[in-house]
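Read through the structure below, which is laid out as structure tokens, and then see the notes.
The values are calculated or read from the model by the stated rules, or taken from the named source; none is laboratory data. Keep in mind the model is a prediction, meaning the values are calculated, not measured. Glycine gets a Cβ as well: all are built from the backbone with ideal geometry, and neighbour counts include every protein chain shown. Protein only, heavy atoms only, side chains kept; ligands, DNA and RNA dropped before computing areas. Shrake-Rupley method; radii C 1.70, N 1.55, O 1.52, S 1.80 Å.
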Amino acid sequence: MESLQKLEEIVEVSDGIMVARGDLGVEIPLEQIPTVQEVIINVCRQLNKPVIVASQLLESMVEYPTPTRAEVADVSEAVRQYADALMLSGKSAIGPYAQKAVSFLRMASSRMELWSHEGNRHSALYQCQLGVSLSDRIAEQICNSAVKMANNLRMDAIFVYTKHGHMTSLLSRIRPYPPIFAFTNDDSTRMALNLQWGVIPLLVDLSDDMEANISKTIDLIKTKGMVTEGDSVLVVSDLTPAHFTSTAFQSIQVKTIG
């Protein structure tokens, strides 16, 4: 209970947060868990920290091949609240229906995301300003504008080129409609971005030639069947070659897949 009084301070100094409802239910009254979960998820999104919802998701699938209706609703509610990740435990570790559990989790999550998309519910999300320095505020505004453009123009994807994942996380924080493909040459960044909402991170060799990076990654994503000819993608980057100023590559481009 004491930690909830200092939730923002804890989130600010954390790399990520897990909402472990089982442990949470030992510390607070059970009827408060749903609202506390939503508050934690919202604070994490505002402060740009990944948040995982865990404990007892699809719990009955430890023994049975299908979840209860209430469990499906529980998964859908966590997705509606814009959690970055959902975590199975016993269902996939010791349960005999691990693949089915993952399949149900994906199916319920995808359906709720589609409902949010169709109802334009992302547009109601409030964003507080995070950046303090001018360069951070510029990056934040570029990401805000990029997501607004991608949504309004119905882009098929967002491409972001990143070293440490900062602009990728700022894009993810706004929960855009198109998927975010994050290209990085740093494997630890790629692994960390796996937790970010809507992000598909890929490890690629990146150069100082931005057009070459774009061409190479478009070919890569086309090969994987994730974009097709005629698709439109929005491109942003936080890569800065040594001979450029820190804001030289902070721009937004729109490309059509040829």
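Exposure check, 1.4 Å probe, all protein chains in place: M107 carries approximately 110 Å² of accessible surface.
Of the whole protein surface, T256 contributes about 100 Å² of accessible area at a 1.4 Å probe radius.
A 1.4 Å probe run over the protein chains yields, for the chain, 52 Å² of accessible area per residue, whole-number rounding. For segment 179-219, rounded, prolate or oblate, judged on the Cα gyration tensor with a ≥ b ≥ c (square roots of eigenvalues), a/c < 1.5 rounded, else prolate if a/b > b/c? Oblate shape, in that a/c is at least 1.5 and b/c is the bigger or equal ratio.
Which entries of K148/K222; K222/K255; K6/K49; K148/K255; K148/K216 have Cα-Cα distances beyond 23 Å here? Please list the in-between numbers first.
On the way: K148/K222 25 Å; K222/K255 14 Å; K6/K49 16 Å; K148/K255 16 Å; K148/K216 26 Å.
Over 23 Å apart, Cα to Cα: K148/K222; K148/K216.
For the chain, what relative contact order do you get, as a whole percent, if you take Cα pairs closer than 8 Å and at least 6 residues apart? Mind showing how you got there, number by number?
Values: 396 pairs, mean separation 35.5, N = 258.
Result for the chain is 14 percent.
For segment 75-163, how big is Rg over Rh, using alpha carbon atoms and the Kirkwood form of Rh?
Working: Rg = 17.3 Å, Rh = 16.0 Å.
We get a ratio of 1.08 for segment 75-163.
Distance between the 7 Å Cα→Cβ label points at K6 and T68: 3.7 nm. Under 5 Å between amide hydrogens, built in the peptide plane, is the criterion, and for G198 it picks out nothing among residues at least 5 positions away or on other chains.
With a cut-off of at most 16 other beta carbons within 10 Å, and DSSP calling the residue loop, which GluC sites (Glu not before Pro) in segment 1-42 qualify? Please list them. Of the GluC sites (Glu not before Pro), not one in the loops of segment 1-42 has a Cβ with at most 16 other Cβ atoms within 10 Å.
Rounded, prolate or oblate: which fits segment 11-128 when a ≥ b ≥ c are the square roots of the eigenvalues of the alpha-carbon gyration tensor, with rounded for a/c under 1.5 and prolate only if a/b beats b/c? If you can, show how the numbers build up before the last one.
Numbers: a/c = 1.92, a/b = 1.31, b/c = 1.47.
Because a/c hits 1.5 or more and a/b fails to exceed b/c, segment 11-128 counts as oblate.
Pull out a ≥ b ≥ c, the square roots of the eigenvalues of the alpha-carbon gyration tensor of segment 135-255, then state rounded if a/c is under 1.5, prolate if not and a/b is larger than b/c, and oblate in the remaining case. In terms of gyration-tensor shape, rounded. Sparsely packed loop sites in segment 106-215 (the chymotrypsin sites (Phe, Trp or Tyr not before Pro) outside DSSP H, G, I, E and B with at most 11 other Cβ atoms within 10 Å) comprise Y126.
Students often get this wrong, so try it: which of (i) 170; (ii) 142; (iii) 160 is volume of the Cα convex hull per residue in Å³ as calculated from the structure shown? It is the one labelled (ii).
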